[in-house]
Amino acid sequence: MNNLHAIPLSVIIQGPRACFRRPEFTTDLVSYDVMPPYVAEQILRSVCNVDGKRWRIDCIRVVRPIRFILDEVTSARGPRRTLVLRDVEYVIDAHVNCSERERDDLERLVSEAFDGEQDVYLGASIYPATLRLASVSDESDGMIEPQVIDLGWMINEQKSTSVRFPIFFRARLIDGCVRIDDRCLTAS
């Protein structure tokens, strides 16, 4: 039986604006305070799709203070008010599990995929950002001020079935870090 190995990854993502749409707002576009884990997973998958394996998000560290700005975007439904984040920077800590047999190939694939700076989006294509591997000199625990902020219920992942049911978790920003654990709430 093959033992599972975790291939860790830390990346920095930053951009001038971001909008991670909260599902409870239907008319206006209102962003979560912090990037949800499912968005982080989608971004990593867009840069490096690991052959049916799934990126597991361990932690999202907030590097720059959380700030909002009012904006207006034009959509198929016409102009819409938008509450977006501005000047965002996160460190995403993630891993992908693989067997020992797959480990070397997968490590090489991840290394090649994240070599250099990548162009990605923060919630929508109108919010471009850059992503790069985090180095030891980039490492920090997130925001400088020690604090605990309850971010409320946040989508952890989207389940793909005939009907999409999101899985929620109670997000807390603790000393600049949102840790993702297995305590989630799902609709049935």
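The values are calculated or read from the model by the stated rules, or taken from the named source; none is laboratory data. From a predicted model like this one, the values you see are computed outputs, not experimental measurements. Positions of Cβ are backbone-derived with ideal geometry, glycine not excepted, and every protein chain shown enters the neighbour counts.
The table below gives the values:
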read-out	value
Complete set of residues in the range 54-68 that are part of a strand (DSSP E or B) and within 19 Å of Tyr38 (Cα to Cα)	Trp55, Arg56, Ile57, Asp58, Cys59, Ile60, Arg61, Val62
Pairs where the first residue, in the range 87-101, is on the phi > 0 side of the Ramachandran plot and the second is in a strand (DSSP E or B) and not aromatic (Phe, Trp, Tyr), C-beta under 7 Å, 6+ apart	Asp87/Pro16
Looking only at the range 122-132, and only at residues there that are of a type in the set (Ser, Thr, Tyr) and surrounded by fewer than 18 Cβ atoms within 10 Å (Cβ to Cβ), the one that is farthest from Pro23 (Cα to Cα)	Thr130
Of residues in the range 102-120 being without any contact (Cβ under 8 Å) to a residue 24 or more places away in the chain and not charged (D, E, K, R), the one farthest from Arg86 (Cα to Cα)	Ser111
Within the range 22-52, tally of residues that are assigned to a loop (DSSP other than H, G, I, E, B) and buried (at least 16 other Cβ atoms within 10 Å of the Cβ)	8
Set Leu173, Leu185: member being over 16 Å from Val39 (Cα atoms), modelled with pLDDT under 85 and in a strand (DSSP E or B)	Leu185
Output for the range 1-43, where each listed residue is among the hydroxyl-bearing types (Ser, Thr, Tyr) and modelled with pLDDT of 90 or more	Ser10, Ser31, Tyr32, Tyr38
Qualifying position, being outside any helix (DSSP H, G or I), under 16 Å from the mean Cα position of the chain (by Cα) and small (Gly, Ala, Ser), among Ala94, Ala6	Ala94
Number of the condition not met by Glu72 [criteria: (1) of a type in the set (D, E, K, R); (2) in contact with a Pro (Cβ under 6 Å, 6 or more places away or on another chain); (3) at pLDDT 90 or above]	(3)
Qualifying positions in the range 89-110 - among the hydroxyl-bearing types (Ser, Thr, Tyr) and buried (at least 20 other Cβ atoms within 10 Å of the Cβ)	Tyr90
Matching residues, the range 123-169, being touching a Lys or Arg at 6+ places or on another chain (Cβ under 9 Å), outside any strand (DSSP E or B) and at pLDDT 85 or above	Gly123, Ala124, Ile126, Tyr127
Those residues of the range 70-100 which are hydrophobic (A, V, I, L, M, F, W, C), touching a strand residue (DSSP E or B) at 6+ places or on another chain (Cβ under 8 Å) and over 22 Å from Met35 (Cα atoms), in sequence order	Cys98
